[in-house]
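Novice: Would you mind keeping the following structure in view while I ask a few things?
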């Protein structure tokens, strides 16, 4: 039984389409892997390694699994991993930006508190000097104040360089140390009255 010519034409087009489609399924998902790598590079540039390390690590791991799946010629799995990597890298960028903003806010607030505590410590130190408290008695608090000033300057520099984590680490605990130094100076000053 012979097919009419229009039916043969449709069958031929379907066969050619199927044959063209088959090699496409058997190809590595290069476009998706490049997109995933680009998203991972963007995440790295956004500081995700420091500010969103878990999501960044998951994105990098998924891209590695995609590359391993290509090596194993499991292109469907490679595609899934590439898409997962891209999505995780994009999430890492968002997470990093949010975390960075929160850390910056914390650092700025702590720096303001530290600046206030530093002024109070200097005022107490000035009163102690005016009352002739011996320098040897003031050595410890004076050293604490000097260290706090240095830490505060390093924190300011780190913030100017958009290194919020370093800034926050640098001034961590500084307010408490300055308050302790101020209390010690005030105690020495009261004894001189």
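The values are calculated or read from the model by the stated rules, or taken from the named source; none is laboratory data. Keep in mind that what you see is a predicted model, and the values were worked out from it rather than measured. With ideal geometry, Cβ positions are generated from the backbone for all residues, glycine too; neighbour counts draw on all protein chains shown.
Novice: Given the conditions (1) surrounded by 15 or more Cβ atoms within 10 Å (Cβ to Cβ); (2) modelled with pLDDT of 95 or more; (3) more than 26 Å from residue 45 (Cβ to Cβ), report the number of the one that residue 140 does not fulfil.
Specialist: Condition not satisfied by residue 140: (1).
Novice: Of everything in the stretch 143-172 that's under 26 Å from residue 105 (Cβ atoms) and surrounded by fewer than 12 Cβ atoms within 10 Å (Cβ to Cβ), which residue is modelled with the lowest pLDDT?
Specialist: Selected residue: 162.
Novice: When you look at residue 124, is it surrounded by fewer than 14 Cβ atoms within 10 Å (Cβ to Cβ), more than 30 Å from residue 29 (Cβ to Cβ) and modelled with pLDDT of 95 or more, yes or no?
Specialist: no
Novice: Can you find a residue that is without any contact (Cβ under 8 Å) to a residue 12 or more places away in the chain, assigned by TED's automatic domain parsing to the domain that holds residue 46 and not in a helix (DSSP H, G or I) anywhere in the stretch 74-81?
Specialist: Yes, the stretch 74-81 has at least one match.
Novice: Still on this structure: Looking for something closer than 30 Å to residue 161 by Cα and either out of contact with any strand residue (DSSP E or B) (no Cβ under 9 Å at 6 or more places or on another chain) or modelled with pLDDT of 95 or more (or both) - is there at least one such residue anywhere in the stretch 60-67?
Specialist: Looking through the stretch 60-67, at least one residue is closer than 30 Å to residue 161 by Cα and either out of contact with any strand residue (DSSP E or B) (no Cβ under 9 Å at 6 or more places or on another chain) or modelled with pLDDT of 95 or more (or both).
Novice: Among the candidates 168, 152, 159, which residue alone is more than 30 Å from residue 55 (Cα to Cα) and not assigned by TED's automatic domain parsing to the domain that holds residue 43?
Specialist: 152
Novice: Sticking with this one: Applying the selection to the stretch 33-59, what residues are buried (at least 20 other Cβ atoms within 10 Å of the Cβ) and assigned to a helix (DSSP H, G or I)?
Specialist: Answer for the stretch 33-59, where residues must be buried (at least 20 other Cβ atoms within 10 Å of the Cβ) and assigned to a helix (DSSP H, G or I): 33, 36, 39, 40, 43, 48, 51, 55, 56, 59.
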